[in-house]
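S.K.: Here it is, the structure, as structure tokens.
The values are calculated or read from the model by the stated rules, or taken from the named source; none is laboratory data. The model shown is predicted, which means the values in this text are computed figures rather than measured ones. All Cβ positions, glycine included, derive from the backbone under ideal geometry; neighbour counts span all protein chains shown. Heavy atoms of the whole protein, side chains included, go into the accessibility calculation; ligands, DNA and RNA do not. Shrake-Rupley method; radii C 1.70, N 1.55, O 1.52, S 1.80 Å.
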Amino acid sequence: MGWFKREKQNISPDSQKLDIPDGQWEKCAGCDEIIHKKQLEINAWVCYKCDHHFRVGSEEYISLLFDKNSFKELDKKMKSGDPLEFSDTKKYKDRINSTIKKTGLYDAVRTGTGKINGKKAVLGCMDFKFIGGSMGSVVGEKLARAIDKAYDTKSPMIIISQSGGARMMEGALSLMQLAKTSARLSKLADAKIPYISILTDPTTGGTTASYAMLGDINIAEPKALIGFAGPRVIKQTIGKDLPKGFQRSEFLQEHGFVDFICHRKELKNRLDLVLGYLSN
Amino acid sequence: MANVTLDFEKPIVELERKIEEMKSFEDNLDIQYEINKLEEKVIQLKRNVYKNLTRWQRVQLARHAERPYTLDYIYSMCDDFIELHGDRLYKDDKAMVGGFAKLDDMKVMIIGQQKGRDTKSNLYRNFGMANPEGYRKALRLMKMAEKFNVPVITMLDTPGAYPGIEAEENGQAEAIARNLLEMSRLKVPIVVCVIGEGASGGALGIGLGDRILMLENTWYSVISPESCSSILWRSWEYKEQAAEALRLTAEDLLEQGIIDRIIPEPLGGAHKDHQYMADTLKTALKEEILELQKVKPDKLVANRINKFGNMGVFEE
């Protein structure tokens, strides 16, 4: 013993006290870069290295797009009524309550009015973290009312989609939300009030098959998964591997269903520009 | 075609076979008495079985291989049917059929998903799973009906919109979404009837209307019981439970305020008597259209948007 002398201190959990609290770092899913949350926020939650767009929710989009303190939320506390008393491995009611507790959200969409560079607009923004951004009665009703608000105040309507589709636990009532929201949008269209749909990762199923595809302008974030059927279902059905880039934003633009793809940092300015063209 | 017997129908079929057997010993009064008694019993048994079907059994009936499909109804109910093909953009979808027809002297546009009866015709019809061109063809026909002031009837019978590569390339979601928007403001009456399977967006893509009917043994929901089972239970084995949980029968949907009317089927299901079923449906469709034709177009559209606006359950 004693042939080697350790000059450095042993590495132990408390030997190196980090001056940064836990949970402040995120790993980029695109390039594995570890990025500090503050830095992400400054860069609109986009990786500064590889441009991967992190999945963020309504809170972030509201702060990103709307002028400071201009956003006024509508129907904030509307909650699902569990019409079917649905139960699978878990009761739907319990699922809802635990998700509310976990996320601090009441359902998968938030709606409200506000201003974008001084221009008024009505927003509906979905949250994927609330049961996969699934659309049930609450999402349908809140969006329908938001569209009415846009209609009544002659303000442009913006919906940011982020959803796996209709919510199974409300059965056919969920399905009818596709009809309900699309029908409301037809009123907006007849009144020549602009409607802009922003598609983010992921937008699939009933959400895509209703309001997400019905914008006067459809804008997608880069590389977002957008489609009707989920890739797994398609793969099972056709029994073949899917082509690279299938159902991504760039694929949708190529096939003619998205007007343009927009980097999140540019979103506010592009939106402002588009709104300018669509208003008298 | 070979008779298809579902599990829960076996006791009935068994009894019917016994009666047939006894009938072959003809001209025996004693036996005749027994036969009468058994026939009585069969009717009782049938009433019992078909009155107490589980939701999953209804799903099975809705998929029964001998059930009438859209074209069967059209040919049984209508005169002078002219089938119209193609979406004028890309293709003619064989899983979606439609055209002008007459219910007696009433001109209508009838559109519906079309399944096949055997492997060959099912491949031709893509198992009743429409592609975007099918939804666009449906919309083209509806717009033409509007132009010439003809009421629209749609018949829903599909396991879903087709989940394929081409379907996605051509905008399956956009095609369905567009139909929902345009159907909500179409200025002629639209009567929708679920005649078999009403699976999710693929069914709803032609399902927005002023009056929504369902035949007695059909289902309509956001997802099929099998897919629901595979997602929520992570196994295909829970389809019975999923069917119960989804509450997807005609009675359930009437209770949920989604549909307006249930059209009764002959005892044992629509396939037991195609003509009777078609006649019943025809009477109902004519009644509904005559009522709707009394409403002014603008009011019709406003009512329709409100009708769907009222669907949903939430707490505030």
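S.K.: What is the antiparallel percent of DSSP beta bridges lying wholly in the protein assembly as shown, to the nearest 5?
M.R.: 45
S.K.: Let me ask another. Per residue, what accessible area does chain B have, given a 1.4 Å probe and all protein chains present, in Å²?
M.R.: With the other protein chains kept in place, chain B gives 44 Å² per residue.
S.K.: While we're looking at this one, here's another question. Taking a probe of 1.4 angstrom, what is the accessible area of residue B:287 in Å², to the nearest 10?
M.R.: 90
S.K.: With heavy atoms of protein chains only and a 1.4 Å probe, what residues of the range A:84-112 have at least 40 Å² less accessible area in the full set of chains than alone?
M.R.: So the qualifying set is A:84, A:86, A:88.
S.K.: Another one. Enter the buried accessible area of the A/B pair, total of both sides, probe 1.4 Å, in Å² rounded to the nearest 100.
M.R.: Summing both chains' loss of accessible area gives about 4500 Å².
S.K.: Using a probe radius of 1.4 Å on heavy atoms only, what accessible surface per residue do you get for chain A? Whole Å² is fine.
M.R.: 50
S.K.: Quantify how strongly other chains surround peptide B:222-231 by giving the mean number of their Cβ atoms within 10 Å of each of its Cβ atoms.
M.R.: Across B:222-231, the average partner-chain Cβ count within 10 Å equals 4.
S.K.: If you don't mind, there's one more thing I want to ask. Just counting partner chain Cβ atoms within 10 Å, what average do the residues of peptide A:223-230 show around their Cβ?
M.R.: 5
S.K.: Could you sort B:30, A:259, A:107 by their accessible area in this structure, using a 1.4 Å probe and putting the largest first?
M.R.: Output order, biggest surface exposure first: B:30, A:259, A:107.
S.K.: Take the solvent-accessible surface of the protein heavy atoms, probe 1.4 Å, and return the percent of it on the protein assembly as shown that carbon and sulfur atoms account for.
M.R.: Whole-percent figure for carbon plus sulfur exposure: 49.
S.K.: OK, next. For the protein assembly as shown, what does the alpha-carbon gyration tensor say about shape, rounded, prolate or oblate, given a ≥ b ≥ c as the root eigenvalues, a/c under 1.5 as rounded, and a/b over b/c as prolate?
M.R.: prolate
S.K.: Relative to the Cα centre, what is the charge dipole magnitude of the protein assembly as shown, using +1 at the beta carbon of each Lys and Arg, -1 at the beta carbon of each Asp and Glu, and rounding to the nearest 20 debye?
M.R.: Roughly 2360 debye, rounded to the nearest 20.
S.K.: Multiply the residue gap between residue A:115 and residue A:79 by 0.36 nm, knock off their C-alpha separation, and tell me the result in nm, one decimal place.
M.R.: Net length gain for the segment: 10.3 nm.
S.K.: What shape does the range B:58-309 take by its C-alpha gyration tensor, where a ≥ b ≥ c are the square roots of the eigenvalues and a/c under 1.5 counts as rounded, a/b above b/c as prolate, and the rest as oblate?
M.R.: In terms of gyration-tensor shape, rounded.
S.K.: Next up: In what order, largest first, do B:85, A:255, A:36 sit by accessible area if the probe radius is 1.4 Å?
M.R.: In descending accessible area the options line up as B:85, A:255, A:36.
S.K.: Moving to a separate point now. How large is the charge dipole for chain A, taken about the Cα centre, if only the Cβ atoms of Lys, Arg (+1) and Asp, Glu (-1) carry charge, to the nearest 20 debye?
M.R.: Computed about the Cα centre, the dipole is about 380 debye.
S.K.: Here's something else I'd like to know. Which of B:77, B:148, B:123 sits farthest toward the positive end of the charge dipole of the range B:51-159, with +1 on the Cβ of Lys and Arg and -1 on the Cβ of Asp and Glu?
M.R.: With unit charges placed on the Cβ atoms, the residue in question is B:123.
S.K.: Gain in length, residue B:120 to residue B:102, computed as 0.36 nm per residue apart minus the alpha-carbon separation, to one decimal in nm?
M.R.: 3.5 nm
S.K.: Here is a further query. Counting only DSSP beta bridges with both residues in the range B:74-156, tell me the antiparallel percent, nearest 5.
M.R.: Beta bridges within the range B:74-156, antiparallel portion: roughly 75 percent.
S.K.: Please compute the length gained on full extension between residue B:20 and residue B:283, using 0.36 nm multiplied by the number of residues separating them and subtracting their Cα-Cα distance.
M.R.: Extra length available between residue B:20 and residue B:283 comes to 91.2 nm.
S.K.: Go through the range B:262-277 residue by residue and turn each phi into a ³J(HN,Hα) via Karplus (6.51, -1.76, 1.60, θ = phi - 60°); whole Hz please, and just put x for glycine and proline.
M.R.: In residue order, the calculated couplings are 9, 9, x, 9, x, 3, x, x, 4, 6, 6, 7, 4, 5, 4, 4 Hz.
S.K.: Over chain A, what is the mean sequence separation of C-alpha contacts under 8 Å (at least six apart), divided by residue count, expressed as relative contact order in percent?
M.R.: The value is 13 percent.
S.K.: Mind grabbing the accessible area of residue A:258 for me, 1.4 Å probe, Å², rounded to tens?
M.R.: For residue A:258, solvent-accessible area is about 10 Å².
S.K.: Put +1 on the Cβ of each Lys and Arg and -1 on the Cβ of each Asp and Glu in the protein assembly as shown; which of B:292, B:54, A:87 then has its Cα farthest toward the positive end of the dipole?
M.R.: In the protein assembly as shown, that residue is A:87.
S.K.: Right, something else. Return the percentage of antiparallel bridges among DSSP beta bridges fully within chain B, rounded to the nearest 5 %.
M.R.: Percentage antiparallel, nearest 5: 40.
S.K.: If one takes the longest principal axis of the Cα atoms in chain A, at what angle in degrees, from 0 to 90 and to the nearest 10, does the Cα axis of helix A:171-190 lie?
M.R.: 60
S.K.: May I pose another question? Taking a probe of 1.4 angstrom, what is the accessible area of residue A:223 in Å², to the nearest 10?
M.R.: Approximately 140 Å² for this residue.
S.K.: Name the shape class, rounded, prolate or oblate, that the alpha-carbon gyration tensor gives for the range B:7-52, where a ≥ b ≥ c are the square roots of its eigenvalues, rounded holds for a/c under 1.5, and otherwise prolate holds if a/b is larger than b/c and oblate otherwise.
M.R.: oblate
S.K.: Let's test the formula: R0 of 45 Å, r as the Cβ-Cβ distance of residue A:69 and residue B:143. What FRET efficiency results, to the nearest 0.05?
M.R.: According to the calculation, E is roughly 0.45.
S.K.: Hey, another quick one. Please state the charge dipole magnitude for chain B, taken about the Cα centre, from unit charges on C-beta atoms (+1 on K and R, -1 on D and E), reported in debye and rounded to the nearest 20.
M.R.: Dipole of chain B, to the nearest 20 debye: 1040 debye.
S.K.: Would you kindly enumerate the cysteines in chain A that have no other Cys beta-carbon under 4.7 Å from their beta-carbon?
M.R.: Unpaired cysteines in chain A: A:125, A:262.
S.K.: Residues of the range A:162-201 that become at least 50 Å² less accessible with every protein chain present than in their own chain isolated, using 1.4 Å: which are they?
M.R.: A:168, A:172, A:173, A:175, A:176, A:179, A:180, A:183, A:186
S.K.: Would you mind giving the mean number of other chain beta-carbons within 10 Å of the Cβ of each residue in B:156-169, as a whole number?
M.R.: 5
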